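Colleague: The structure is given below, and queries will be raised subsequently.
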There are 2 protein chains.
Amino acid sequence: MAEVGSALQHINNRPLRERVADMLREAIVTGELKPGQQLVEMELASQLGISRAPLREAFQTLSQEGLVETLPYRGTIVRKLTRTDIEELYSLRSALETFALQRVIRRGDPADAAKLRRCYEDMLAAAERGDLKAVNQIDREFHNTLIELSRHELLAMVCNMVSLRVRQVMALLNERNTDIRQIAYNHLPIVQAIENGNEALAVELLQRHIASSGDLIAEDWKSSEEEPDS
Amino acid sequence: MAEVGSALQHINNRPLRERVADMLREAIVTGELKPGQQLVEMELASQLGISRAPLREAFQTLSQEGLVETLPYRGTIVRKLTRTDIEELYSLRSALETFALQRVIRRGDPADAAKLRRCYEDMLAAAERGDLKAVNQIDREFHNTLIELSRHELLAMVCNMVSLRVRQVMALLNERNTDIRQIAYNHLPIVQAIENGNEALAVELLQRHIASSGDLIAEDWKSSEEEPDS
DNA sequence: CGGCGAACGATTGTCGACAGTTGACAAACG
DNA sequence: CGTTTGTCAACTGTCGACAATCGTTCGCCG
C-alpha cells in the first residue's frame, strides 16, 4: 500500500476522545474558552453530539496537561492562571530549552544551526511585512525546532505541555503591542551563537530572551488577577 | 465542627479511578507488573470488581505519566523501557534537579540546607545498619525534598513523573550490588556545597551524581533489551 | 502446496441509564 | 433573628450493553 494519506487515515480513525481533546485544547489555548469557565459534561456532550464517556476521557487528558482542573463531584473548569503560574511556566521553559540548546550545540551538527537560521529568516520576513500572527507562529516553530533537534522525546513531551500553556497565556493577553520586528531580531544572536558553537553565550542569550518575555507577560497580568466572586 | 477525620473522609471518597490508578502505578513502579505485559480491561475490571469506565480513566492517567502505552483498538501494555528511555530519563532528571538546586541556593534559606542535611543523616544511618530498602527510600526523599524546597509546583509535577519511571527502572534491576554506603556518602558534598551557597560546585556535584547513577543503570540494561516476540 | 480473502474471536470504543455526592434553598427550631 | 436540619435539583461517578476495529485463522482457489 502506498503511504498516501496514512496520516489522514489515522486522523479519521482516531478515537473520539482524542479528536474531542484536540478541539477543546485548541479552544482553550486560543482563549475561546476562558479560564474559570465551567465545562458541564452533559451540556458539552449533547452540544457535540457525543456521549459523556469520550468527553470525560478528553477532560482527563486536558487535566494532565494542566489546561483544566477537575474537582470530584464538582465538575471541570478551564484552569485559572495566576501570576505564579506564569512565572513557573516561563522559568521552567527557560530551564528546559537551555537543556535542549546544550544538547544541540554539543552535538554540533551544522545542519541543525542551518535549520534554526531558516526559521529565523522566515520570522524576519513575516516581521518585515507586519504579519504578527505569522511571527508568533514561526516563533513557536523556532522553539519547537530547537526542542526537536535536541532529539529527546521525553523532553519534547514535557515542553509540549509547557508550550501549550504559554500559548494560552499569550492568547489571553489582548494583542500585545510589542515591537514586532524586535521579536525576530532577538533570535539572530542566538542563532549566531549556535552556529559558532558558543554554548555559554547561546545559553545566556536564550535565558535572557525567555526571561524578558516572561517578565513582560507577568507584569501585564495584574489586570486580570482578582475577580470578585458572585 | 471539629476537624476530625477530614483526611480520611477524602481518602474514602476519592474517585475510584484515582484509587485504581494508585494501585496500578504502585504495581508498575515496583516491577510487579512487567514491561510489555498486556492489561486487558475486562479482565482487570472483573478482577478488581469494578466496571471498565473508571479503569479506562486510570489507564489514561498512567498513559500520560508514561507508565503504560495505549494503542487504539489494540490495548494497553506496561511501557517497555529501552536504553534510550533510560538515558532520557536520567538526563532530563539531571536538568530538572539542577534547576531546582539553583532556585534553592539562590533563595539561600539556611533552613532548607538543614532539611537536606537531616535527610542525608537519615540516609547515612540507614546505610550504616545496612538497610538497603531504607537507603533507597530516603534517597528518593532527598531528591523530593530538593524539589519541594524549590517551591515550583509545575517543576514538582514534571519531576514526579520522571521520578516514578526512575523508580520503575531501579525496581526492574535485580537488587543492585552497589556499595550501599557510597550512595549515602555521595550526598554529603552536595549538602555541604548548598550550605556554603556554592552554586557552581553544587550543580557540578549533583549533575555528576545523577549522571553516574544513570550511566551505571544504562550499562546494566543490555541484559533485557531484545526479547523475541512470540 | 502456497497465496489470497472472508469469517471469527477477542478486545477496545462508544453509548444510554442508574446511583451517589455536592451545594443551595427552604423550613423548623431555639 | 440566627442556627440547624430537611429537601431538592444539578451534576458527576459508575455500570452494563452494544458497535467498531484489529489480528488470526480457516477455507478456497490458483
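Colleague: Which shape class applies to region B:1-156: rounded if a/c is under 1.5, otherwise prolate when a/b exceeds b/c and oblate if not, where a ≥ b ≥ c are the square roots of the Cα gyration tensor eigenvalues?
Modeller: Values: a/c = 1.97, a/b = 1.49, b/c = 1.32.
The shape class here is prolate.
Colleague: Along Cα-to-Cβ, 7 Å out, sits the label point; list in nm, shortest first, how far the one on B:Glu153 is from those in the other copies.
Modeller: 3.1
Colleague: Based only on other Cβ atoms within 10 Å, what is the fewest-to-most ordering of A:Ser63, A:Ser163?
Modeller: Numbers: A:Ser63 17, A:Ser163 20.
Ordered by Cβ neighbours within 10 Å, fewest first: A:Ser63, A:Ser163.
Colleague: Still on this structure, I have one more. How many nanometers, to one decimal and shortest first, lie between the label point of B:Leu216 and those of its other copies, if labels sit 7 Å from Cα toward Cβ?
Modeller: 4.7
Colleague: With n ≥ 4 as the cut-off for DSSP H runs, can you work out [θ] at 222 nm for chain A, using -39500 (n - 2.57) per run divided by the number of residues, rounded to the nearest 500?
Modeller: Only helices count here, giving -23500 deg cm²/dmol.
Colleague: Rank the residues A:Thr30, A:Thr76 as a footprinting-exposure proxy: fewest other Cβ atoms within 10 Å of their Cβ go first. Present the calculation step by step, with values, prior to reporting the outcome.
Modeller: Numbers: A:Thr30 13, A:Thr76 21.
So the ranking, lowest neighbour count to highest, is A:Thr30, A:Thr76.
Colleague: Still on this structure, please answer the following. Treat the count of other C-beta atoms within 10 Å as a stand-in for reagent exposure and order A:Tyr73, A:Tyr90 from fewest to most.
Modeller: Going from sparsest to densest Cβ surroundings: A:Tyr73, A:Tyr90.
Colleague: Right, next: Quick one: check the C-alpha center-to-center distance for region B:119-161 versus region A:146-218, whole angstrom.
Modeller: Their Cα centres are 32 Å away from one another.
Colleague: Return the whole-Å distance between the Cα centroid of region B:32-83 and the Cα centroid of region A:53-73.
Modeller: Each part reduced to its Cα centre gives a spacing of 18 Å.
Colleague: Okay, next question. How would region B:14-78 be classified by its alpha-carbon gyration tensor: rounded, prolate or oblate, with rounded meaning a/c under 1.5 and the a/b versus b/c comparison settling the rest? Provide the component values of the computation, followed by the final result.
Modeller: Details: a/c = 1.37, a/b = 1.14, b/c = 1.20.
In terms of gyration-tensor shape, rounded.
Colleague: Compute the label-point distances linking B:Leu201 to its equivalents in the other copies; points lie 7 Å from Cα along Cα→Cβ; give nm, one decimal, shortest first.
Modeller: Between copies, matching label points for B:Leu201 lie 3.2 nm apart.
Colleague: Top mean-square fluctuation among A:Pro15, A:Pro54, A:Pro189, Gaussian network model of chain A, C-alpha springs under 10 Å?
Modeller: With Cα springs under 10 Å in chain A, the top fluctuation among A:Pro15, A:Pro54, A:Pro189 is at A:Pro15.
Colleague: For chain A, what is the number of Lys pairs with C-alpha distance below 24 angstrom, counting only pairs 8 or more positions apart or on separate chains?
Modeller: On the way: A:Lys34/A:Lys80; A:Lys34/A:Lys133; A:Lys34/A:Lys222; A:Lys80/A:Lys222; A:Lys115/A:Lys133.
Summing the qualifying lysine pairs gives 5.
Colleague: Where Lys and Arg each count +1 and Asp and Glu each count -1, what net charge lies around A:Gly75 among other residues with Cβ under 12 Å from its Cβ?
Modeller: -1
Colleague: Over chain B, what relative contact order in percent results from Cα pairs under 8 Å that are six or more residues apart?
Modeller: On the way: 209 pairs, mean separation 57.6, N = 230.
Value for chain B: 25 percent.
Colleague: Right, here's the next one. For the Cα atoms of chain B, what angle does the longest principal axis make with the long axis of helix B:52-64, in degrees from 0 to 90, nearest 10?
Modeller: 30 degrees
Colleague: Is the shape of region B:83-223 best called rounded, prolate or oblate, per the rule: a/c under 1.5 gives rounded, else a/b larger than b/c gives prolate, else oblate, with a ≥ b ≥ c the square roots of the Cα gyration tensor eigenvalues? Before the final figure, lay out each step's value.
Modeller: Details: a/c = 1.78, a/b = 1.27, b/c = 1.40.
Verdict is oblate for region B:83-223.
Colleague: Please report, to one decimal in angstroms, the Kirkwood hydrodynamic radius of the protein assembly as shown built from all distinct Cα-Cα pairs. Write down the numbers at each step before the final one.
Modeller: Working: mean 1/r = 0.0408 Å⁻¹.
When all Cα pairs of the protein assembly as shown are included, the Kirkwood radius is 24.5 Å.
FYI, it's all coordinate maths here, none of it is from the lab. Owing to the predicted nature of the structure, the values given are computational and were not obtained by experimental measurement. Counting neighbours? That spans all protein chains shown, and the Cβs are built from the backbone with ideal geometry, glycine included.
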